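Have a look at the structure below before the remarks.
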Amino acid sequence: MKIAILVEGKTERAFKPHLTVFLAGKLAGRMPRLDMFPYDGRIPKEERLHRVVEKLLGERRAPADAVIALTDVYTGTNDFIDAADAKNKMRQWVGTNNRFYPHVAQHDFEAWLLPFWSDIQRIAGHNLRAPSGLPEIVNHNQPPSYHIQKIFRLGRCRDDYSKPRDGNRILRGKDLAVSAAACPELKAFINTILTLSGGSPI
């Protein structure tokens with residue numbers, strides 16, 4: 001099984017190692033080949049997304065068995081209202097294709113880090129309280145990344161928050177099932193990979 005995943009570049013660097021370890025523990029002997037295609041900024045949209053998906057599925061030598069597009073709701077534009085809207089628009093852009101799976105971090109990737117707030121406090125060096133509410137419901141005008149950036153600015157750490165570096169540190173040694181239990185969109189993303197690979201959903 002070969003799965004191509006379109007993803008924002010900084011998210012790929014923070015997330016892929018931990019996703020791979022988690023999946024390997026669930027898919028003994030059935031681990032798919034995960035080819036991540038990182039983009040500088042947001043992943044493609046509209047006709048460009050359609051072309052990329054068709055190319056990955058239609059390659060002559062080693063076509064992907066499935067393509068997953070993973071985007072944030074909050075892209076710095078007003079393209080998406082919420083996760084459902086983002087998935088619907090990606091389906092419309094790609095067209096009818098049962099090997100394309102749109103997925104979304106609502107409102108951004110950092111929502112999937114919020115369940116580990118005590119570790120964020122430790123790394124940032126500050127005891128700022130976690131934002132209220134479920135991680136994926138945290139205010140769109142101040143998305144999860146805003147709250148993590150804020151605690152890093154307030155804390156004793158010398159550097160501002162860096163998604164590739166600090167996202168990696170926050171997730172190191174963590175069970176992604178903990179985050180998935182609090183984040184339905186993460187759970188759906190993981191379950192797509194598990195079921196495509198012949199595994200059981202979490």
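Specify which of the listed residues (L27, L70) is in contact (Cβ under 8 Å) with a residue 24 or more places away in the chain and crowded, with 18+ Cβ neighbours inside 10 Å.
Numbers: L27 fails: crowded, with 18+ Cβ neighbours inside 10 Å.
Among L27, L70, only L70 is in contact (Cβ under 8 Å) with a residue 24 or more places away in the chain and crowded, with 18+ Cβ neighbours inside 10 Å.
Taking helices (runs of 4 or more DSSP H) as the structural unit, those lying wholly within segment 97-202 and holding at least 1 residues that are farther than 18 Å from V7 by Cα and basic (K, R) correspond to 117-124, 144-154, 168-171.
Being touching a Pro at 6+ places or on another chain (Cβ under 6 Å) and part of a helix (DSSP H, G or I) holds for only one residue in A14, A69, and it is A14.
Answer with yes or no whether F116 is more than 26 Å from H18 (Cα to Cα) and touching a Lys or Arg at 6+ places or on another chain (Cβ under 8 Å). Outline the logic, then answer.
Values: more than 26 Å from H18 (Cα to Cα): no; touching a Lys or Arg at 6+ places or on another chain (Cβ under 8 Å): yes.
No; evaluated as a whole, the condition is false for this residue.
Taken over segment 124-141, the criterion of being over 20 Å from A14 (Cβ atoms) and not basic (K, R) is satisfied by H126, N127, L128, S132, G133, L134, I137, N139, H140, N141.
Applying the criterion of being touching a Ser or Thr at 6+ places or on another chain (Cβ under 7 Å) and over 23 Å from P144 (Cα atoms) to the residues of segment 173-202, the residue that is most open to solvent (accessible area, probe 1.4 Å) is P201. Screening the candidates P201, P164 for the property of being in contact with a helix residue (DSSP H, G or I) (Cβ under 7 Å, 6 or more places away or on another chain) and farther than 22 Å from L27 by Cβ yields one hit, P164.
Exactly one residue among A64, A86 is part of a helix (DSSP H, G or I) and open to solvent by less than 30 Å² (accessible area, probe 1.4 Å), and that residue is A86. Exactly one residue out of I202, I120 is under 17 Å from the mean Cα position of the chain (by Cα) and among the aliphatic types (A, V, I, L, M): that is I202. Scanning segment 1-21 for residues that are closer than 17 Å to L186 by Cβ, within 14 Å of the chain's Cα centre (by Cα) and open to solvent by less than 40 Å² (accessible area, probe 1.4 Å) yields I5, L6, V7, E8, T11, E12, A14, F15, H18, L19.
The values are calculated or read from the model by the stated rules, or taken from the named source; none is laboratory data. Model, not experiment: these values are computed from the prediction. For neighbour counting, all protein chains shown are included, and Cβ atoms are generated from backbone atoms with ideal geometry for every residue, glycine included. Calculation scope for accessible area: heavy atoms of the full protein, side chains included, ligands and nucleic acids excluded. Shrake-Rupley method; radii C 1.70, N 1.55, O 1.52, S 1.80 Å.
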